[in-house]
Amino acid sequence: MNQPVDQESDHSSNQRRADEIRQNVRDSYAQVAQASNEGNSCGTGSSCCGVSDDDAINTLVSTRLGYSEDDLDNVPEGADMGLGCGNPRAIASIKAGETILDLGSGGGFDCFLAAAETGESGQVIGIDMTPTMISKARGNAEKGKYNHVEFRLGEIEHMPVANDTVDVIISNCVINLSPDKRQVFSEAFRVLKPGGRLAISDVVASTELPDEIRDDLALYSGCMAGASQISELHAILEASGFENINIAPKDESKDFIKDWAPGRGVEDYVLSATIEAVKPGGCCAGNCG
């Protein structure tokens, strides 16, 4: 007779923890945006969730993640804050006229780079749950005259995007921050067109995380404690309906991840990876009359 009560208690506890994580992440990235606006540093320049007041440091961080000097030169000042764990655009194969959705768009860096590839016949949408980031990104879009880029306030677990409208979803070191990754990928599947694809850079766990890492809110907002194991992510993507799933860890990423939390040994447990998958359907070879 007590089982339903116990289940309700567990659900309530899990919900409180999820709310605590989201609020901590929102507060952390609001501080990042505010620090960037004020030209100050927040955390360290090499952190996944910190910015530096030294442009040279931010440039070094971004080039280590796979961006080119041209990428950095071709976006509005302030859009690149040295955030992320890779370059999702490098695997996105974006085409002119496509609709791109960036999950956790921050200051708009990846959105503006994607906009150059879609051209004005396409559309780029950025979602972020931090009002300060949305304001910053919208200001950057206005400075750069990006008329086909827009930024929407919302959570990636509840995307403010219509069904079957997006060609490509990109994201850079953001989905690990969500306490409900199943919901994120379910939403991603919903908004993608048939044949639409995921092109994501994120942090994954190479082994089970110890409690002292998993329970540390600072490491959660720092893109480490919320990492899921590759097998778990693959199962979530498959259950969400995706096909052609490919999760490719990058061992070399441990060189910069160890700088995110010096002395904590996080590089022994997490690393950057690319995550690709396709929503079934769409225009297949031989069926596009």
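Stretching the chain fully between GLU20 and ALA96 yields a gain of 23.3 nm (0.36 nm per residue, less the alpha carbon separation).
Across the alpha-carbon atoms of segment 175-247, the computed radius of gyration and Dmax are 13.0, 41 angstrom.
Distance check, please: which entries in LYS95/LYS143; LYS181/LYS254; LYS145/LYS181; LYS143/LYS193; LYS258/LYS279 exceed 27 angstrom between their Cα atoms? Distance filter (> 27 Å) returns LYS145/LYS181; LYS143/LYS193; LYS258/LYS279.
Close amide H partners of PHE151, meaning residues 5 or more places away or on another chain with modelled amide H under 5 Å apart, are GLY126. Judged by the gyration tensor of its Cα atoms, with axes a ≥ b ≥ c, segment 79-182 is rounded; a/c sits under the 1.5 cut. Here the extension length gained between GLU232 and LEU153 equals 25.6 nm, from 0.36 nm per residue of separation less the Cα-Cα distance. Across segment 3-278 the C-alpha pair distances fall into 10 Å bins from zero in the proportions 7, 31, 38, 19, 3, 1 percent.
Normalised by the number of residues in segment 3-278, the mean separation of alpha-carbon contacts (under 8 Å, six or more apart) gives a relative contact order of 17 percent.
No value in this document is a laboratory result; all are computed from the given coordinates. Keep in mind that what you see is a predicted model, and the values were worked out from it rather than measured.
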